[in-house]
Every structure is written in structure tokens, then in C-alpha cells.
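Okay, so here's the structure we're looking at.
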Amino acid sequence: MPQMRALGPGSVSSFLKTVLDVVHIALWFGLVAAILLIFIAVVVGFNPALLGELHVNLPGLEAPERWPLVVGRLTAFSIYLFGILVIVRQWQGIFATLMAKDPFDPVNVTHLRIIALALAGIEIGRYAVFVARAVLRPGGHGLQPGLSLTAWFSVLVVFVLAEVFREGSRLRREAELTI
Amino acid sequence: MRIEIRLDQLLLDRRMSLTELSDRVGISASNLLILKTGQARAIRFSTLAALCRELDCQPEDLLVYRGE
């Protein structure tokens, strides 16, 4: 049975890098689509007559005069997509170094720290959306405010991983300067 | 702590070039340059032994402790 390689061209890293490239492009399309929808929602929000007889049924939105909420939701979704895009972009950078068989490149420390910050940002954004919903639309259903231990645990794990990579790159540098 | 490598002086005394030493000890000239310019973080015993052998010296002739 052929051994599965983790690093280098033609390895699992290479496959995952390809997957990330596809996801990255899809996320860009999604983000552009979401921004276009925001634009449309803003235009329709100011002039609902533009829709004519068209009725839009969105979960939790009973009446067309709720367009500002649609804009808010789409904006929150766009910010979330942007956060995911940032994370995917960093992973692409990390997997590029794995493909080059150089996992302890110092640049990976920055990539991991940005991932951790983005994860924290997304989680804080979730709380912000909940607070905004509670203020703007009391009694509405949707996101739960519960503290997600998994999310914060992930943030801490990624920060620790960043430190592991920092130590790894330091050792690599020392090895390079050992004659 | 600062350890200096007196490669320059020993090469001068032996009338040997860095390239020649590189060929003799089997260490690249760029690595020897790192040693010579004091950028190295550590030196292997095998490298030290090869340098002492080719320069016909003792480790104390190569390494000098300069303190803080």
C-alpha cells in the first residue's frame, strides 16, 4: 500500500491547498453576491414600489417594511463571509509552505495569529449580531447568545499552535546557523 | 556571552584561502564565511575537529571568549 505523504507536491497538503483555492474563489463569489444583494436591498428599502407586486418571503420577516433588517442580516453575513475568507487565505499560505516542505517558515506564525484573531472576531461578531437583534427586534428568534466554548477553545489552540510554529522556526534558524 | 572565531588570523598564518579550507574540510565556503563573520549560533564538534585538523591547531587557538 503506497504511503500517504503529508508534505510536498502531490501530497495531502497539495490536495488540501487545491480545495482551499476552490473554496477561496467560491467565497469571493459569495461575498460579491452578498454585497450586490445589500445594494439591491438598500435600493428596495428606500423605494419598495420598485418590487411592484413581487412578494419576498424571508424567514422571520413578515412585512416588506422590514427591509432595513434584511440589509442588516446581509451585512452581518458579508462580514462573516469576509472573516471566513481571511481564514481561508491564511490557510492557503500555510499549505503553500507545507507543499514547499518548509512548515517552519516564520510567515506561518503570522498566518496562525491572523486565523486566531479572525476566529475570535467572528465569535465576537456573533455576540454583536445577537445584541443588535435584541435591541432592534425584541422577541425575534434567531442566533443564540450562548458562549461557545468550542470557538474560544479553537482560538486558544490556534494561538498556542502559532507559538509552537514560532519556536519551530527559531530552532530551524538555529540549525541553519549551526556549522 | 560572545565567542569569537579567529579563522581570519589562522588562515593568514597558514597562507590558506577560505576556498581552500572549504575544500579540505568539506564545508561550503558560505558556511565558513558565516563562521568567520561571527554569525554562527553553534559549531559542531565534527566541524571543529576538521578545522583543527586542517589548520593544525587546537580548539583554543580557534575560539576566544570575549565576555559580555
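The values are calculated or read from the model by the stated rules, or taken from the named source; none is laboratory data. Remember, predicted model here, so these are calculated numbers, not experimental data. Note that we place each Cβ from the backbone using ideal geometry, even for glycine, and neighbour counts take in every protein chain shown.
Some points to look at:
- Residue within the range B:17-30 that is at pLDDT below 90, within 14 Å of chain A (Cβ to nearest Cβ), exposed (fewer than 15 other Cβ atoms within 10 Å of the Cβ) and in a loop (DSSP other than H, G, I, E, B) present: no
- Candidate set: the range B:36-58, residues that are hydrophobic (A, V, I, L, M, F, W, C) and without any contact (Cβ under 8 Å) to a residue 24 or more places away in the chain; chosen: the one nearest to the other protein chains (Cβ to nearest Cβ): B:Ala42
- Per-region count, the range B:1-16, residues among the basic types (Lys, Arg) and surrounded by fewer than 14 Cβ atoms within 10 Å (Cβ to Cβ): 2
- Which numbered condition B:Arg66 fails, given (1) within 10 Å of chain A (Cβ to nearest Cβ); (2) surrounded by fewer than 12 Cβ atoms within 10 Å (Cβ to Cβ); (3) charged (D, E, K, R): (1)
- Number of residues in the range A:72-118 that are touching a His at 6+ places or on another chain (Cβ under 6 Å) and of a type in the set (Val, Ile, Thr): the value is 2.
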